[in-house]
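The values are calculated or read from the model by the stated rules, or taken from the named source; none is laboratory data. Predicted model, so just to flag it, every value in this text is computed and none were measured. Counting neighbours? That spans all protein chains shown, and the Cβs are built from the backbone with ideal geometry, glycine included.
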């Protein structure tokens with residue numbers, strides 16, 4: 001596994017945990033929600049841009065992406 005792949009995985013884990021914290025759900029629930037509503041895919045596809053913004057902004061982006069794909073966590 002390349003260093004870039006490890007960085008992306010670490011970033012996704014951080015985002016999942018922060019999403020869970022902000023939404024007051026478990027990390028497992030956050031992962032499943034983000035997976036089902038394309039948040040994980042968004043983070044993978046947009047890592048280069050997303051990891052340069054603040055974590056709060058990244059979580060706001062995740063909420064919007066998931067909402068656009070049928071999610072209901074605001």
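In the range 44-66, the qualifying residues are those that are farther than 21 Å from residue 4 by Cβ and surrounded by 14 or more Cβ atoms within 10 Å (Cβ to Cβ), and the one that is nearest to the chain's Cα centre (by Cα) is 59. When the criteria are applied in full, residue 41 meets the requirement of being within 11 Å of the chain's Cα centre (by Cα), exposed (fewer than 15 other Cβ atoms within 10 Å of the Cβ), modelled with pLDDT of 95 or more and not in a loop (DSSP other than H, G, I, E, B).
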